[in-house]
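For reference, the structure is listed below as structure tokens.
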């Protein structure tokens with residue numbers, strides 16, 4: 001049993017979480033195999049997370065890291 | 001103590017140094033994404049780990065320690081937004097608009113430009129959407145952990161994630177081809 005674009009749209013969070021039932025997962029996969037528009041949308045939605053994981057994570061500035069570690073009395077091995 | 005005896009004992013709690021090394025950047029990312037101000041975000045990191053130091057003994061191993069620690073960081077960041085709202089300073093908005101973390105993982109011009117676009121796009125989300133997206137899609141917590149950190153239901157998390165991802169997808173379309 002396949003699903004419609006709207007049905008897939010309603011289940012997208014679960015689809016991206018991998019928490020659909022086996023039957024739903026198969027129906028979603030079947031729909032994506034034939035619907036170019038949904039395939040692009042899912043790919044872009046997954047790409048958003050990848051973009052942020054690759055380029056959007058921040059690093060505590062080294063000087064601040066050292067200052068905070070010192071204030072906390074931690075020995076983190078930062079020279 | 002023998003190796004065999006050690007292997008049967010409960011897993012020891014990670015040291016504070018380990019937690020700081022492992023999660024300081026994550027708490028900083030979360031706090032910065034919520035507050036949009038690197039100095040306030042740094043304060044949140046420090047306050048979070050002060051609370052971790054005070055309460056690590058009370059952590060009983062229910063659930064991953066990342067969720068427990070991010071919950072403290074999230075509460076600190078939300079408290080900082082409330083404090084700023086109640087006690088605004090003249091240059092708060094100026095700082096919020098101009099401030100960007102000076103130490104980015106990106107070093108190329110193109111990378112810096114992309115980082116700026118990502119900053120602007122995520123800053124346009126509401127606080128709840130930004131927090132849910134940061135915890136789930138950037139920091140990698142599970143939906144259940146995000147729900148526990150934020151004190152909301154899993155279905156509310158899913159709704160926030162769907163709205164956040166869709167808004168970001170539209171704004172960042174040129175980078176998603």
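Laboratory data are not the source of any read-out in this text; all were calculated from the coordinates shown. This one's a predicted model, so the numbers in the text were calculated from it and none came from an experiment. Methodologically, a virtual Cβ is constructed for each residue, glycine included, from the backbone with ideal geometry; neighbour enumeration extends over all protein chains shown.
Across chain A, the relative contact order, built from alpha-carbon pairs under 8 Å that are at least six residues apart, equals 24 percent.
Once the Cβ-Cβ distance of residue A:53 and residue B:39 is raised to the sixth power relative to R0 = 30 Å, the FRET efficiency obtained is 0.75.
Angle of helix A:22-34 to the longest C-alpha principal axis of chain A, folded into 0 to 90 degrees and rounded to 10: 80°.
Enter the mean number of other protein chain beta carbons within 10 Å of the beta carbon of each residue in B:156-169, as an integer. If you can, show how the numbers build up before the last one.
Details: counts 0, 2, 7, 1, 1, 6, 7, 1, 1, 9, 6, 1, 8, 8.
Per residue, the average neighbour count from other chains is 4.
As a calculated quantity, the FRET efficiency between residue A:43 and residue B:151 at R0 = 30 Å, using C-beta atoms, amounts to about 0.40. The Cα center of chain A and the Cα center of the range B:11-66 differ in position by 22 Å. Please find the FRET efficiency linking residue A:21 to residue B:177, where r is the Cβ-Cβ separation and R0 is fixed at 41 Å, and quote it to the nearest 0.05. It comes out at approximately 0.80. Ordering A:35, A:5 from the fewest to the most neighbouring beta carbons within 10 Å gives A:5, A:35.
Using Cβ contacts closer than 10 Å as the measure, can you line up B:124, A:64 from fewest to most?
Working: B:124 12, A:64 21.
Taking fewest neighbouring Cβ atoms as first place, the list is B:124, A:64.
If packing is taken as the mean number of other Cβ atoms within 10 Å per residue, what is the order of B:141-148, A:51-58, A:19-26, B:40-47, highest first?
Values: B:141-148: 20.8, A:51-58: 19.2, A:19-26: 13.1, B:40-47: 22.4.
Answer by packing, highest mean first, reads B:40-47, B:141-148, A:51-58, A:19-26.
Counting pairwise Cα distances across the range B:108-158, what percent come out greater than 13 angstrom? I get 60 percent for the Cα pairs in the range B:108-158 exceeding 13 Å. Sorting B:65, B:34, B:50 by the number of Cβ atoms found within 10 Å of their own Cβ, with the fewest placed first, yields B:50, B:65, B:34. Determine, at each q value in 0.13, 0.14 (inverse angstroms), the log₁₀ of I(q)/I(0) that the Debye formula gives when each Cα of the range A:5-72 is one equal point scatterer. Here the Debye-derived log intensity ratios amount to -0.52, -0.55.
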